[in-house]
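Okay, structure first, notes after.
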Amino acid sequence: MTASQPVKITVTGAAGNIAYSLLWRITAGDVYGKDTPVELALLEIPDAVGAAEGVAMELNDSAFPLLRGITVTDDPEVAFKDTKAAFLVGSRPRTKGMERADLLEANGAIFTVQGKALNAVAARDVRVLVVGNPANTNAYIAANSAPDLDPSQFSALMRLDHNRTLSQVSLKTGVPTAELTKVAVWGNHSASQFPDLTYSNAEVDETWYKEEMIPKVAKRGAEIIAVRGRSSAASAASAAVDHMHDWIHGTEDWRTAAIVSDGSYGVDEGLVAGFPTVSRDGKWEIVQGLELSDFQKERIEASVQELREEREAVAHLLKG
Ligand code: NAD
Ligand code: LMR
């Protein structure tokens, strides 16, 4: 691709909270870079297309040098046609008292439709990041609805959990987040997740790590909902930008990405789970060769078990 050719990027749920932050970061060049023009496609449900048109008006009013055009539509095949990067944000957020799994029925069906549309019309090297919850299982549904795309093209957002871990350690130790290495979050983007400091250079007390930090990070989404009154939006958008940026441009240190398992570390092949990953040659790779303690194995297994149960609960969506 030459610098002057625009890249098509699709954002679903374009009239929602996350998109209101995400679209500005994408259009500023924070994903592909400051020399790559962008063409946006905004997908919404019919009732929210009007509001998405308003978002598009504001994006135009921001006079971004890289913006080359915006399509607003309620048709997934129009939104995903030739798209290189798809942020699947559109879905219902949970409210106070709900667990993310409660969203399975409400949101799961969206991802069969969108997976099929991506399969039919997206660029053959499209990268797909599912943000809408329950993100891992929605990505599993989308990947399984797109037989002509490679499973490695699908991922779910657990970079927010990764960033929350970095932030908690940084607040505790005073070490800037950029100086912390080899942090990862295993499993599901849910309260069962396992933020793992085993290999990191963080110097923290074991009791604080196991009894305070892990539950704090795992329940941070609920804490934000309780305090803010709505689910996290700008931090989720920022994490989504980090994820797609690193997927495209590569990483030196570990990042957390939820990707389709190849069976590593006892995670069933095909499940979409958070792993310690690096991005090389445009692909997420699971860090191999780690020795796991009993504590780590138990924590990973508990979260993977939840993913298996979610897979069972959505099996009917993938029949036929
Ligand atoms: P929101 O309600 O503000 O916006 C969601 C938008 O999606 C709405 O405008 C809605 O009309 C649209 N939508 C619904 N179905 C759609 C469909 N089939 N196609 C296109 N658009 C559709 O919600 P939000 O705060 O932007 O959050 C969106 C999702 O992201 C929620 O499921 C939330 O739980 C999830 N989330 C995930 C993470 C993460 O780390 N993985 C973090 C925060 C939020
Ligand atoms: C989060 O982690 O903030 C999001 O997944 C929203 C939620 O429901 O917790």
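The values are calculated or read from the model by the stated rules, or taken from the named source; none is laboratory data. Bear in mind that the values here come from a model prediction, so they are computed numbers and not experimental data. Virtual Cβ from ideal backbone geometry, glycine too; neighbours counted across all protein chains shown. SASA here: full protein model, heavy atoms, side chains in, ligands and nucleic acids out. Shrake-Rupley method; radii C 1.70, N 1.55, O 1.52, S 1.80 Å.
Regarding the stretch 125-136, can at least one residue be identified that is more than 9 Å from ligand 1 (Cβ to nearest atom), closer than 27 Å to LYS283 by Cα, in contact with a Leu (Cβ under 8 Å, 6 or more places away or on another chain) and in a helix (DSSP H, G or I)?
no
Is it the case that the stretch 288-304 has a residue that's within 20 Å of LEU157 (Cβ to Cβ), more than 16 Å from ligand 2 (Cβ to nearest atom) and surrounded by fewer than 16 Cβ atoms within 10 Å (Cβ to Cβ)?
no
Check whether at least one residue in the stretch 265-276 is of a type in the set (D, E, K, R) and in a helix (DSSP H, G or I), and report yes or no.
Of the stretch 265-276, the ones of a type in the set (D, E, K, R) are 268-269.
Narrowing the set further to residues that are in a helix (DSSP H, G or I) leaves none.
No, the stretch 265-276 has no match at all.
Is it the case that ALA120 is away from ligand 1 (no atom under 12 Å from the Cβ), touching an Asp or Glu at 6+ places or on another chain (Cβ under 7 Å), over 26 Å from GLY250 (Cα atoms) and outside any loop (DSSP other than H, G, I, E, B)?
On the way: away from ligand 1 (no atom under 12 Å from the Cβ): yes; touching an Asp or Glu at 6+ places or on another chain (Cβ under 7 Å): yes; over 26 Å from GLY250 (Cα atoms): yes; outside any loop (DSSP other than H, G, I, E, B): yes.
Considered against the rule, which asks whether it is away from ligand 1 (no atom under 12 Å from the Cβ), touching an Asp or Glu at 6+ places or on another chain (Cβ under 7 Å), over 26 Å from GLY250 (Cα atoms) and outside any loop (DSSP other than H, G, I, E, B), ALA120 comes out as yes.
Could you check, for the stretch 153-167, whether at least one of its residues is open to solvent by 10 Å² or more (accessible area, probe 1.4 Å) and farther than 29 Å from LYS84 by Cβ?
Yes, some residue in the stretch 153-167 is open to solvent by 10 Å² or more (accessible area, probe 1.4 Å) and farther than 29 Å from LYS84 by Cβ.
State whether the residues of the stretch 173-189 include one that is of a type in the set (Ser, Thr, Tyr) and either closer than 17 Å to ALA240 by Cα or open to solvent by less than 40 Å² (accessible area, probe 1.4 Å) (or both). Give the derivation first.
Going residue by residue through the stretch 173-189, those that are of a type in the set (Ser, Thr, Tyr) are 173, 177, 181.
Now narrow it down to the ones that are either closer than 17 Å to ALA240 by Cα or open to solvent by less than 40 Å² (accessible area, probe 1.4 Å) (or both): none.
Looking for residues that are of a type in the set (Ser, Thr, Tyr) and either closer than 17 Å to ALA240 by Cα or open to solvent by less than 40 Å² (accessible area, probe 1.4 Å) (or both), one finds none in the stretch 173-189, hence no.
Checking ILE214 against (1) crowded, with 19+ Cβ neighbours inside 10 Å; (2) away from ligand 2 (no atom under 16 Å from the Cβ), only one condition comes out false. Which one?
(2)
What number goes with the only condition from (1) within 24 Å of ALA19 (Cβ to Cβ); (2) more than 16 Å from ligand 1 (Cβ to nearest atom) that GLU298 does not pass?
Here GLU298 meets the rest and fails (1).
For the structure I just gave you, tell me whether ALA109 is more than 16 Å from ligand 2 (Cβ to nearest atom) and at pLDDT below 95.
Answer is yes for this residue.
Yes or no: SER21 within 19 Å of the chain's Cα centre (by Cα) and not basic (Lys, Arg)?
Working: within 19 Å of the chain's Cα centre (by Cα): yes; not basic (Lys, Arg): yes.
Yes; evaluated as a whole, the condition is true for this residue.
Sort out for me the helices (runs of 4 or more DSSP H) sitting completely within the stretch 161-257 that have 3 or more residues that are closer than 30 Å to ILE9 by Cα and within 12 Å of ligand 1 (Cβ to nearest atom). Before you say what the answer is, go through the steps one by one.
Numbers: elements: 214-218, 220-228, 234-249.
Once the helices (runs of 4 or more DSSP H) in the stretch 161-257 are filtered for at least 3 residues that are closer than 30 Å to ILE9 by Cα and within 12 Å of ligand 1 (Cβ to nearest atom), what remains is 220-228, 234-249.
Quick check on the stretch 38-48. Is at least one of its residues out of contact with any strand residue (DSSP E or B) (no Cβ under 8 Å at 6 or more places or on another chain) and open to solvent by less than 80 Å² (accessible area, probe 1.4 Å)?
Looking for residues that are out of contact with any strand residue (DSSP E or B) (no Cβ under 8 Å at 6 or more places or on another chain) and open to solvent by less than 80 Å² (accessible area, probe 1.4 Å), one finds at least one in the stretch 38-48, hence yes.
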